[in-house]
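Written below as structure tokens is the structure these notes are about.
The values are calculated or read from the model by the stated rules, or taken from the named source; none is laboratory data. Worth saying up front: this structure is predicted, and the values here are computed from it rather than measured. A quick note on method: Cβ atoms are made from the backbone with ideal geometry, for glycine too, and the neighbour counts reach across all protein chains shown. Please note that ligands, DNA and RNA were not included when accessible areas were found on the heavy atoms of the full protein model with its side chains. Shrake-Rupley method; radii C 1.70, N 1.55, O 1.52, S 1.80 Å.
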Amino acid sequence: MNMFFKGLAAVLLLCALAGGAAPAQEADVNPIGSESEQDDQQDQQPILQILVEGNQRVEADTILSYLLIQPGELPNSRLINLSIQALYATNLFSDVRVSVDGNTLVLAVEENPIVNRVILEGNRAIADDKMIDEIELQARAIFTRARVQSDVQRILEIYSQAGRFAAQVNPQIVELPQNRVDLVFEISEGPVTGVERISFIGNRTYSDRRLRGEIVTTEARWWKFFSPHDNYDPNRIEFDREQLRTFYNDRGFADFRVTSVSAELTPDQSAFYVTFTMDEGARYEFDEVIVDTGISDLNVEYLQTVLPTQPGQLYVGGLIEESVESLTFAAGAAGYAFVEVSPQVNLDRETQTVDVTYVIKESPRVYIERIDIVGNTRTLDHVIRRELDMVEGDAFNQALMNISRSRVGQLGFFEDVQVEPIQGSGPDRAQIQVNVTEQHTGELALGAGFSSTDSFLLDFSITERNLRGRGQFLRLRISTSSRQQAIDIRFTEPRFLDRNLAASFELFQVLADFSREASFETQSTGFTLRASFPLTRAVRTSVDYTLRTDDVTTLAGGSSSIARSVGSRATSLFGYSLNWNRTDDLREPTRGFQMSFNQGFAGLGGDVRYVRSELRGGVYRSVWRDRLVLSATGSTGYLFPWGGGASRVNDRFFKGGNSFRGFETAGIGPRVVQRRATSLEDGDEFISGDALGGNFYAIGALEIGFPLGLPEQYGIRGSVFTEVGTLGLLPDEDTVEDDGAATATFTVDDLSPRASAGVSVFWDSPFGLVRFDLAHAFIKEDYDEGAFFRFSTQTGF
């Protein structure tokens, strides 16, 4: 055992010497302090006892384990000094002394204090948590002055990265009983050292203004109070160098380089002047592009045609990496999972062209040996496996693997999903590993909000999106506002009977108050059964059946057109829907298109008979460096009564508000109006009455979404839009003709076009999506009800 401790002490000593440990104090050894005395060891007495003094927390046996001399041995200055250095290397002691008194060796130590707590004072710009996580000394750590100085430098570095180069840190040590200390860092933050000017030297093709837009660092201006990038940060400047290189490389400048970056303090030392010196070089084009592979199953001619890099194109550095990814994907789709694609780039400075050869190294066709699912602590294996488009024994296919990863991610049960191949038992075998990170799928939500339409609103829900780990959905929701109270229970089985068929049912009761728009209220109670299934990867269809009872009551002053719909009637409704979605994101699409059609047939049972059809669609495209999203959306619907009856007011379409910005809810379409007598010069004036809804509508919108220049984490963006549409076709039974009287009350229904334009601001707040609309209806009828300002909240479940 003694040999083990001696070896351990020797290892620690070597580590201390290699790491630049502080030199040990000379041992106070008596009587062998001189070389002459060491040469005359026959007169020395062997050590019979070793005493440890001064230790409080460290056990004596632990200290003795670092000694290279043991009882029974003669004193040796070299071994004692090595032992002292080993003890210093532990950082447990601030002082170590050794003395020999006869047959006794006394080892006196002074332990380093223990940090009781670390206190930061004077820091306002940077939170305590951020700095505490970065420094070495923590509560209950061993205190050394070297560590204090190291932490002081680390805090100064943090402030330098935040643009505060004048920051000062003064450490204070407060001694406590039991050899403990409080460590206080007194911080003087100093002013923010911003970037007053960014200049470029050597840029012939692009202006300074354009290049400033390509780097992260920005010039400090008084209106950029939200910007975190207008201070000087050397690390960010290095990133900006790479941003400039990428910018120029993607525009043909293969020889571009930033030769230097200088940062000079202004005379008052309050800001920096940053100057990038660069050499643009010449602009290149792709000349010869070759795919070289020995894999016979890969069609070289086809691969060359699908490459992003083509002869005669302007050289774009990023396209080479995209070409490598395209070739890797193509090889993976053909069953070659572990191919290596190496681009060989040759620049010809005389002709200003670039030759690229993509070398695909040979590898065997790969088959899936096993699929492992890792990380699903709650979700059952088969819930994940049924989303995979591959099974054991299939040929490896990169495209199907990517689709599988996307489908597992769309379940919404996991924070992160990674599907990757790893080498199997042989060169032609692969194991697919699906790594998932579970996230909370249960939600107890209580929300409150306010909107210009519903005033105050409350929403309570209990939701479980992965019931018992089986992927089932269950929700109870209760909501109330000044206009509507609703309660519903919904359950969905995503794989009914283990087939790719989602089955669900819903029980609901909804009380809606339309007194402000149309002088009536409704209470609807019923249930819905629904089944949905995919026809293709992008097309999904569903069928449903709803049975509900609608009770309509009119309020005092309601028109005769409303009174016809009063009473309780049962609706038996069979419906179906068809959805085609090719967008890149279901919630916030930036590319692609989507289209949906749904139709319902009422009358197979029940008291009402109609066919209700709606068509919706949208096209989305990113423009101007993917910062703007241009969208064109539209919708239309038609309600066709059959069996000799007319449509009820609660079954018709009402548009306005969120569905047609620039107008109030139910602000357009057929309406009861009253003529008010005025002078002949002023003409007729109308008083708007009850909105009656219509059997037909069509609305289209053109919108451009854009960032507002605020940090992305704030979730604030804007858009400009214009909308155009119409609503009409009132049943004859609800039409009241104008008798020409000076104060006549009658209905209007002319299907005239309406149009509006404005701006919207969206805030993805912690409480849900908040939308502010400023819109002006520049084409409308006199009896329409416009709304210039509107804001609303949405809560997702």
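Scanning segment 587-615 for residues that are touching a residue at least 12 places away in the same chain (Cβ under 8 Å), assigned to a loop (DSSP other than H, G, I, E, B) and more than 18 Å from residue 649 (Cβ to Cβ) gives 589, 590, 591.
The C-beta contact set for segment 449-466 (first residue under 11 Å from residue 483 (Cα atoms) and open to solvent by 70 Å² or more (accessible area, probe 1.4 Å), second residue at pLDDT below 60 and assigned to a strand (DSSP E or B), distance under 7 angstrom, 6+ apart or interchain) comprises 456/450. Within segment 67-96, being hydroxyl-bearing (Ser, Thr, Tyr) and open to solvent by 10 Å² or more (accessible area, probe 1.4 Å) holds for 77, 88, 90, 94. Strands (runs of 3 or more DSSP E) fully within segment 291-396 that include at least 2 residues being over 28 Å from residue 495 (Cα atoms): 341-348, 353-360.
The residue pairs whose first member lies in segment 375-393 and is at positive phi, whose second member is open to solvent by less than 80 Å² (accessible area, probe 1.4 Å) and of a type in the set (Val, Ile, Thr), and whose beta carbons are closer than 8 Å, counting only pairs six or more residues apart or on different chains, are 375/436; 375/437; 393/368. Only one of the numbered conditions (1) buried (at least 18 other Cβ atoms within 10 Å of the Cβ); (2) at pLDDT below 90; (3) small (Gly, Ala, Ser) is violated by residue 719, and that is (2). One residue stands out in segment 651-665 among those that are among the small types (Gly, Ala, Ser) and surrounded by fewer than 24 Cβ atoms within 10 Å (Cβ to Cβ): the one that is modelled with the highest pLDDT, namely 659. Screening residue 666 on (1) closer than 25 Å to residue 522 by Cα; (2) not in a loop (DSSP other than H, G, I, E, B) shows it passes everything except condition (2). Beta carbons closer than 6 Å, at least 6 apart along the sequence or on distinct chains, pair a first residue in segment 322-349 that is within 18 Å of residue 289 (Cβ to Cβ) and without any contact (Cβ under 8 Å) to a residue 60 or more places away in the chain with a second that is in a loop (DSSP other than H, G, I, E, B) and open to solvent by less than 50 Å² (accessible area, probe 1.4 Å) for 322/308; 323/307; 323/308; 323/309.
If we keep just the residues of segment 256-279 that are among the charged types (D, E, K, R) and at pLDDT below 90, which is farthest from residue 356 (Cα to Cα)?
268
Being part of a loop (DSSP other than H, G, I, E, B), surrounded by 17 or more Cβ atoms within 10 Å (Cβ to Cβ) and in contact with a Leu (Cβ under 8 Å, 6 or more places away or on another chain) narrows it down to one residue among 123, 203; which is it? 203 is the lone residue from the list that is part of a loop (DSSP other than H, G, I, E, B), surrounded by 17 or more Cβ atoms within 10 Å (Cβ to Cβ) and in contact with a Leu (Cβ under 8 Å, 6 or more places away or on another chain). With the requirement that a residue be more than 14 Å from residue 64 (Cβ to Cβ), touching a Leu at 6+ places or on another chain (Cβ under 9 Å) and assigned to a strand (DSSP E or B), what does segment 77-100 give you? Selection gives 97, 99. When residue 387 is tested against (1) surrounded by 14 or more Cβ atoms within 10 Å (Cβ to Cβ); (2) closer than 17 Å to residue 338 by Cα; (3) among the acidic types (Asp, Glu), exactly one condition is not met: (2). Under the condition of being part of a loop (DSSP other than H, G, I, E, B), in contact (Cβ under 8 Å) with a residue 40 or more places away in the chain and not β-branched (Val, Ile, Thr), the residues counted in segment 559-585 number 4.
The condition of being among the acidic types (Asp, Glu), over 36 Å from the mean Cα position of the chain (by Cα) and at pLDDT below 85 does not hold for residue 95.
Against the definition (at pLDDT below 85, outside any strand (DSSP E or B), small (Gly, Ala, Ser) and open to solvent by less than 70 Å² (accessible area, probe 1.4 Å)), how does residue 160 come out, yes or no?
Working: at pLDDT below 85: yes; outside any strand (DSSP E or B): yes; small (Gly, Ala, Ser): yes; open to solvent by less than 70 Å² (accessible area, probe 1.4 Å): yes.
Yes.
How many residues, within segment 526-541, are closer than 26 Å to residue 693 by Cβ and surrounded by 15 or more Cβ atoms within 10 Å (Cβ to Cβ)? Going through segment 526-541 one residue at a time, the tally reaches 3. Counted as qualifying within segment 702-797 are the strands (runs of 3 or more DSSP E) with 1 or more residues that are within 29 Å of residue 457 (Cβ to Cβ) and among the hydroxyl-bearing types (Ser, Thr, Tyr), namely 716-728, 754-765, 789-794. Within segment 261-288, being free of Cβ contacts under 8 Å to residues at least 24 places away in the same chain and among the small types (Gly, Ala, Ser) holds for one residue alone: 262. Only one of the numbered conditions (1) touching a Ser or Thr at 6+ places or on another chain (Cβ under 6 Å); (2) at pLDDT 90 or above; (3) crowded, with 17+ Cβ neighbours inside 10 Å is not met by residue 609, and that is (1). Taken residue by residue, segment 653-660 has no member that is touching a Pro at 6+ places or on another chain (Cβ under 6 Å) and assigned to a strand (DSSP E or B).
The single condition from (1) open to solvent by 50 Å² or more (accessible area, probe 1.4 Å); (2) touching a Ser or Thr at 6+ places or on another chain (Cβ under 9 Å) that residue 701 fails is (1). Total residues in segment 542-558 satisfying the condition of being part of a strand (DSSP E or B) and over 40 Å from the mean Cα position of the chain (by Cα): the figure is 8.
Looking across segment 163-200, the residues that are part of a strand (DSSP E or B) and without any contact (Cβ under 8 Å) to a residue 60 or more places away in the chain come down to 168, 169, 170, 171, 172, 173, 174. The set of residues in segment 590-605 being touching a helix residue (DSSP H, G or I) at 6+ places or on another chain (Cβ under 9 Å) and not hydrophobic (A, V, I, L, M, F, W, C) is empty.
Selection of segment 418-436 for residues being in contact with a Ser or Thr (Cβ under 8 Å, 6 or more places away or on another chain) and open to solvent by 20 Å² or more (accessible area, probe 1.4 Å) yields only 427. Selection of segment 289-302 for residues being touching a residue at least 40 places away in the same chain (Cβ under 8 Å) and either within 17 Å of residue 365 (Cβ to Cβ) or not β-branched (Val, Ile, Thr) (or both) yields 292, 293, 294, 295, 297, 298.
When residues in segment 770-797 are screened for being at pLDDT below 85 and open to solvent by less than 40 Å² (accessible area, probe 1.4 Å), 4 of them pass.
Here residue 440 fulfils each of the conditions (1) part of a strand (DSSP E or B); (2) open to solvent by 60 Å² or more (accessible area, probe 1.4 Å); (3) closer than 23 Å to residue 488 by Cβ apart from (1). All conditions in (1) under 34 Å from the mean Cα position of the chain (by Cα); (2) in a strand (DSSP E or B) hold for residue 247, with the sole exception of (2).
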